[in-house]
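The values are calculated or read from the model by the stated rules, or taken from the named source; none is laboratory data. Small disclaimer: the values here were computed from a predicted structure and weren't measured. Counting neighbours? That spans all protein chains shown, and the Cβs are built from the backbone with ideal geometry, glycine included.
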Amino acid sequence: MNQGHRNLFTSILNKPTKQSVLCKYIHEALKPHANALVEDKKTSKVLSGEFAKQFPMNILVAEDNLSNQKLIEHILVRLGFTIVIKGNGQDAIDELNENDYDVVFMDAQMPEIDGIEATRTIRQSDIKQPVIIALTANAMQGDQEECLQAGMNDYLSKPIKLEEVVKMLEKWHAQKLSIESDRSFGMALL
């Protein structure tokens, strides 16, 4: 195995693998993820469902993995948002053609049309342009640049954490207000 790719794996098993050894490694690999979920739940108790009232936004989630859908839905609903979830890039594009959204959490790797291609399509369309935040499990160097070059505004690594989602929403809500303020100021000058 290439030494540069060792950090991509939590464990390396030799074949044939005994069931007990496989179970042990699976259990160990899931521990950090379980701890992250517990940490997110503790933090979410600190935040109230009033967050969405303070930072109102329409949010679309484009994510094909059911576990990731449930996690981001849990976080956003706890913050007080009502969200729409689509399971692939094409469905997300279709939804954006039908309805306006302020923010799209876009998984980079999905069936039919991945998040990168979906973002390029959205950016070339004449719809109201949302903030698109990449969600990706790939923390490889260059992944963030690829997402940004495709037209995504920002980037979150999976597993997502409540604090990161909150910071991201606060940041882009402020940007949205700034853009709207500039637009209304420009209209007042006319």
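Annotations for the structure displayed:
- For the range 121-142, a residue qualifies if it is under 14 Å from the mean Cα position of the chain (by Cα) and either farther than 13 Å from Asp107 by Cα or at pLDDT below 85 (or both), and the qualifying residues are Pro130, Val131, Ala137, Asn138, Ala139.
- Answer from Ala174, Ala188, Ala118 - the residue that is of a type in the set (Gly, Ala, Ser) and modelled with pLDDT of 90 or more: Ala118
- Close contacts from the range 116-131, counting a first residue that is at negative phi and touching a residue at least 24 places away in the same chain (Cβ under 8 Å) and a second that is loosely packed, with under 13 Cβ neighbours inside 10 Å and outside any strand (DSSP E or B), with Cβ to Cβ under 7 Å and a gap of 6+ residues or different chains, come to Ile127/Asn97; Lys128/Asp100.
- Failed criterion for Ile122 (all others in (1) more than 20 Å from Gln69 (Cα to Cα); (2) surrounded by fewer than 18 Cβ atoms within 10 Å (Cβ to Cβ) hold): (2)
- Scanning the range 46-83 for residues that are surrounded by 16 or more Cβ atoms within 10 Å (Cβ to Cβ) and among the aliphatic types (A, V, I, L, M) turns up Ala52, Met57, Ile59, Leu60, Val61, Ala62, Leu71, Ile72, Ile75, Leu76, Leu79, Ile83.
- Output for the range 62-115, where each listed residue is within 21 Å of Glu50 (Cβ to Cβ) and part of a helix (DSSP H, G or I): Ile72, Glu73, His74, Ile75, Leu76, Val77, Arg78
- Within the range 144-154, the set of residues being modelled with pLDDT under 90 and surrounded by 13 or more Cβ atoms within 10 Å (Cβ to Cβ) comprises Gln144, Glu146, Cys147, Leu148.
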